[in-house]
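Structure first, commentary second.
The values are calculated or read from the model by the stated rules, or taken from the named source; none is laboratory data. A quick note: this is a predicted structure, and the numbers were derived from the prediction, not measured. Here the Cβ positions follow ideal geometry from the backbone for every residue, glycine too, while neighbour counts run over all protein chains shown. In case anyone asks, the SASA skips ligands and DNA or RNA and just uses the protein heavy atoms, side chains included. Shrake-Rupley method; radii C 1.70, N 1.55, O 1.52, S 1.80 Å.
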Amino acid sequence: MPFESSSPSSSHQTTYPITFLVVGGAGLACALALRRVGHRVTVLERMERSAARGGNGVRVPPNLSKILFHWGLRDVLMSKASITTKLVFMRYESGELLGEHVWDAELLEETQGLFLMLSHSELYDVLYDTATKLGAEVHFNAEVVKVDVPGHSVVLSSGERLSGDVLIGADSEHGQCRTAVLGRRDLGTPTGLAVYDTLIPMAFVSEFDTKVSEESWQFAAFGRGKGVVAYRIRRSEEIALQLYAADVADGGCYEDGPSIDLPCITRDHEISEKLGRAVHGARRATRIPVRQYADLEDWVSDDGRLVLIGEAAHPFPPSTIQGTAMAVEDGAVLAKLFSHLSSEDQIDSFLYAFQEIRQSRVRDVREAELAGIFTITADGPEAAARDASMRAKAAKRINVLEGEGSTESAWEEYGVVFGYNCEDEADEWWVQWGRLRQRALEVHESEPSL
């Protein structure tokens, strides 16, 4: 059954509290998780809080919401979010409805979570408020300009030096921490695509389709070199829209803010009339290039206690379903492991255990998310076959992702992704390996020296 509690469940508490210094506001969830198990945490955010909160949409899949529910945040999230139960598919150029897929209720129940949609600022506020109430310190306008890995410290632009027992890099793929671990800045490989992330007031989409009267949908439009994902946020006052299309400039990140007028990218003669009218009501969009990054062999620095999480460890394509979820899973696993900390000798083994648990999971999910972008922007025989299959199933009034085939196999894989319980994985590692290692260490220390 799904978690129903609105108060934090009991968690194993460390008997050896240490200090974690988290570089990057994206590590708020990690800070919250570490405070839940008794460690001291300071978060360094380079921007002001208003800028760090963001404003566009974020999807919270079941594997993420289940963690937040377990942390006692169900009620506050449900007061802000919409629950999605349906996927609606359309052609970008013609507006033709290809079909619908209703989420399997049993599948969702087995995940112990829900699929939620809300704004990034709402999710940020929930994490910030909870983390600080639990005692985490968050410093804004604290830009890290140097990471001293052997010294377990960082230097701020103000000249101030701060230190901790463990440094956590959560400062994105372009941050100081990833550079420190890799030994160079990693710019990734361009795919030729970018996401244009924006909001549309509901007033501009009220005539788009009768389905916008339903709060429970997610919408996807397949196009030739373009694709759209959209969903309701802020209690249905706005539509979050992400357009995937050809990249038009160099650089670009969320911190740059809105800079693109969406009609300049969509072109009226290439987009359906209804979708085009909605796009003309869009606010300026933020452009973020879609890049591919090679997997890092190590997320833990070999010359000190610096561990990477989230985008710093594994950059995800922007605006995908699982990018935020993987970062929160990272924090949850790290905290679970360090809840068992009883001596300094365990720190390094816990950091490498975190890497071991997370790397294959993140690699598989990231590959699927990147493939999803290429799917909605695809052209050619495979895209035509996909659309024809959806039309045929829609004509029979069945879910368009049911049956056999590559698209349907991807749907089945969602059950595996959504049903994953990262905290259980950390518990299993402790039972199978961590506890045995600790007992062996205790026995060795208790033996009389010769």
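Quick notes on this one:
- Pairs of Lys in the chain closer than 17 Å at Cα, counting only those 8 or more apart or on different chains: 6
- Mean residue ellipticity, 222 nm, helices only, the chain: the sum of -39500 (n - 2.57) across DSSP H runs of n ≥ 4, divided by residue count and rounded to 500, is -11000 deg cm²/dmol.
- The relative contact order of the chain, computed from alpha carbon pairs under 8 Å that lie at least 6 residues apart in sequence, is 21 percent.
- For the range 283-331, the solvent-accessible area works out to 30 Å² per residue, with a probe of 1.4 Å and every protein chain left in place.
- Dipole of the chain, positive direction: furthest Cα of 292, 251, 144, with charges on the beta-carbon: 251
- Cβ-placed point charges (K, R +1; D, E -1), dipole of the range 120-165 about Cα centre in debye, nearest 20: 160
- Candidates 231, 244, 352, ranked by Gaussian network fluctuation over the chain, Cα under 10 Å, top entry: 352
- Total formal charge among the other residues, if their Cβ is under 11 angstrom from that of residue 185, Lys/Arg +1 and Asp/Glu -1: 0
- Relative packing of 254-261, 164-171, which averages over residues the other C-beta atoms within 10 Å, highest first: 164-171, 254-261
- Solvent-accessible area assigned to carbon and sulfur over the range 302-414 amounts to 49 percent, based on a 1.4 Å probe.
- Peptide packing: for 15-21, 263-269, 390-396, the average count of neighbouring Cβ atoms within 10 Å per residue gives the ranking 15-21, 390-396, 263-269, highest mean first.
- Residue-normalised accessible area of the range 74-149, expressed per residue, 1.4 Å probe, Å²: 41
- The fraction of accessible area contributed by carbon and sulfur in the range 67-190 is 48 percent, rounded to a whole number (1.4 Å probe; ligands and nucleic acids excluded).
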